[in-house]
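Peer 1: Structure below; questions to follow.
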């Protein structure tokens, strides 16, 4: 028998914030070249930004703010080809053990550290000052508190002022158009070079109207990645990359509403062609490119008059308080419409599916971010935490004539429906309820912990949940399933999907998804079907009542918890 031991980080839950001696701010602290603010997202185990662009040699002020309830830090590392995302460095920090606690999980004499914040307590902040390296590259930044770096990470991109266009030339044509003409059939009245590498209408500043310009050159890409191109003009324009139309802004119109196109470009040189015409009146032409590594790069002298993009709304976090749970009924991304989400004290959460009568999601950390519900027309809420797992999606109980019979998944159907319409054409999706199930609602105890009630054929079933900690370190969720009534023969409850489920020490089994599972009240059966393992419990047809106690526990400890 293989032994399964939950993976833990053997470190204390919390370290006192270390009072490192702070260096005096540099003389230029009041006038930095670049000011950056990075915030932790409460309950989400994330920074609010994952990409920062800074030119070489820039004097940088970086402020780290920690509104979270956990301790966090931020460490910027020099590049290492064998540790591009900083995870190896984080592991080394965790292995410092007691010494790591004293250091705030930052070995400050390590040669890879460019700059590091101290370990910040909840609601604290710190200003960091540094001069960006002269060498361009991608510098990873991470939180080195045990268990944080897989989610709390990003990249500082050191990039020189970027020039993407080379060998840029222009050709001017005369004519009166409402749409872009076929310039290949026309003769240019003027040609020239643009050594500055930027598109400009200054080449036609003496012309009053009735002209067109074709700009041609080479777009030089130093790394393969996806680019967004933003084009605006008064009047019409079209961007062509490698002979293919990428962004179209044709017609007679004012500027101020740029169009966007996307292209994934390989490293090397690409054909660049920009068509433009001016009929009369005001004129304008602006072009910019944007990529993850470069940020936004101007390809024209004229600044793009982009309408301000609607920013991501600030999180509206629903958080349990006073030792009570929160029960939230609303559309939640990734689950069926009849979802009932529950946030428990201590940072353990679940989503109950009132269509399937089953546990749909569990996660730890923050409960829900309701900001999408109040943004625009509203799109429901989204999970605010991390380590999201789906223990066993679909209906919880089925009849299996043999263990070779597959578990029937939930299904949906497309139907045509429109109110007060004889011949409806609008299609909507309806979830098909599992056979024999009926939801009977839920009741709340004194702590507002819900008990979910439903029936399956002749059986009455109640499910309750309680959060906990394993060894005082790892979050867990205990699920009690109370079944009343004799089940039909060959009835099974499915408790897990996707792990190996081999029994180990203390009755724990590997459930996959960074989870361990333990079942009390029955001897589970592990079977292989559909390319993955399932954990089942056979119900005794002679038993008038059965109680199953199922505990899900996360296998990794998350450090930084403040008592």
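Bear in mind these aren't lab numbers, they're just calculated from the coordinates by the rules spelled out. Owing to the predicted nature of the structure, the values given are computational and were not obtained by experimental measurement. Note that we place each Cβ from the backbone using ideal geometry, even for glycine, and neighbour counts take in every protein chain shown.
Peer 1: With 20 Å as the cut-off, how large is the P(r) tail for region 489-563, expressed as percent of Cα-Cα pairs?
Peer 2: Tail of the P(r) past 20 Å holds 37 percent of the pairs.
Peer 1: So, one more: Going by how many other Cβ atoms sit within 10 Å of their own, how do 509, 59, 440 line up, fewest first?
Peer 2: 440, 59, 509
Peer 1: Cα-based Rg of region 317-554 per 2.2 N^0.38 Å, rounded to two decimals?
Peer 2: Here the Cα radius of gyration is 1.06 times the empirical estimate.
Peer 1: Equivalent-ellipsoid semi-axes (√(5λ), Cα gyration tensor) for region 70-110, whole Å, largest first?
Peer 2: 19, 11, 9
Peer 1: Here's something else I'd like to know. Considering only DSSP beta bridges whose two residues both sit in region 27-158, what percent are antiparallel, to the nearest 5?
Peer 2: Around 70 percent antiparallel, to the nearest 5.
Peer 1: Taking 2.2 N^0.38 Å as the expected size of a compact globular protein, what ratio does the Cα radius of gyration of region 27-158 give against it, to two decimals?
Peer 2: For region 27-158, the normalised Cα radius of gyration comes out at 0.99.
Peer 1: Counting alpha carbon pairs within less than 8 Å and at least 6 residues apart, what relative contact order, in whole percent, applies to the chain?
Peer 2: 12 percent
Peer 1: Just rank 163, 382, fewest to most, by other beta-carbon atoms within 10 angstrom.
Peer 2: Lowest to highest Cβ neighbour count: 163, 382.
Peer 1: On to the next question. In the chain, what % of DSSP beta bridges are antiparallel (nearest 5)?
Peer 2: Percentage antiparallel, nearest 5: 95.
Peer 1: Assuming 0.36 nm per residue, please report the length gained on full extension of the stretch residue 205 to residue 549 beyond their Cα-Cα distance.
Peer 2: 115.9 nm is the gain from fully extending residue 205 to residue 549.
Peer 1: Express in nm, to one decimal, how much length is gained between residue 528 and residue 189 on full extension, taking 0.36 nm for each residue of separation and deducting their alpha carbon distance.
Peer 2: The span from residue 528 to residue 189 would gain 114.5 nm if fully extended.
Peer 1: Hey, can you rank 275-281, 40-46 by average C-beta count inside 10 Å, highest first?
Peer 2: 40-46, 275-281
Peer 1: Another question about this same structure. Could you work out the per residue convex hull volume over the alpha carbons of region 165-293, in cubic angstrom?
Peer 2: Normalising the Cα hull of region 165-293 by residue number yields 99 Å³.
Peer 1: Counting each pair of different Cα atoms once, what's the Kirkwood radius of region 434-563 in Å, rounded to one decimal?
Peer 2: Evaluated on region 434-563, it is 16.2 Å.
Peer 1: Roughly speaking, what is the stretch gain from residue 91 to residue 443, that is 0.36 nm per residue apart minus the C-alpha to C-alpha distance, in nm to one decimal?
Peer 2: 122.3 nm
Peer 1: Relative contact order for region 317-554: what percent, with Cα pairs under 8 Å and sequence separation of 6 or more?
Peer 2: 15 percent
Peer 1: What's the FRET efficiency of residue 244 with residue 123 using the Cβ-Cβ distance as r and R₀ = 56 Å, to the nearest 0.05?
Peer 2: 0.60
Peer 1: With the contact rule set at Cα under 8 Å and sequence spacing of 6 or more, what percent relative contact order holds for region 27-158?
Peer 2: Relative contact order of region 27-158: 35 percent.
Peer 1: Any idea how far apart residue 327 and residue 224 come out in nm if each label point goes 7 Å out from Cα toward Cβ?
Peer 2: Calculated label separation equals 5.3 nm.
Peer 1: Let me ask something additional. Give me the base-10 log of I(q)/I(0) for the chain at each q in 0.11 Å⁻¹, Debye formula, one uniform scatterer per Cα, rounded to two decimals.
Peer 2: The Debye formula, applied to the Cα set alone, gives -1.10.
Peer 1: Within 10 Å of each residue's Cβ, count the other Cβ atoms and sort 171, 476 from fewest upward.
Peer 2: 171, 476
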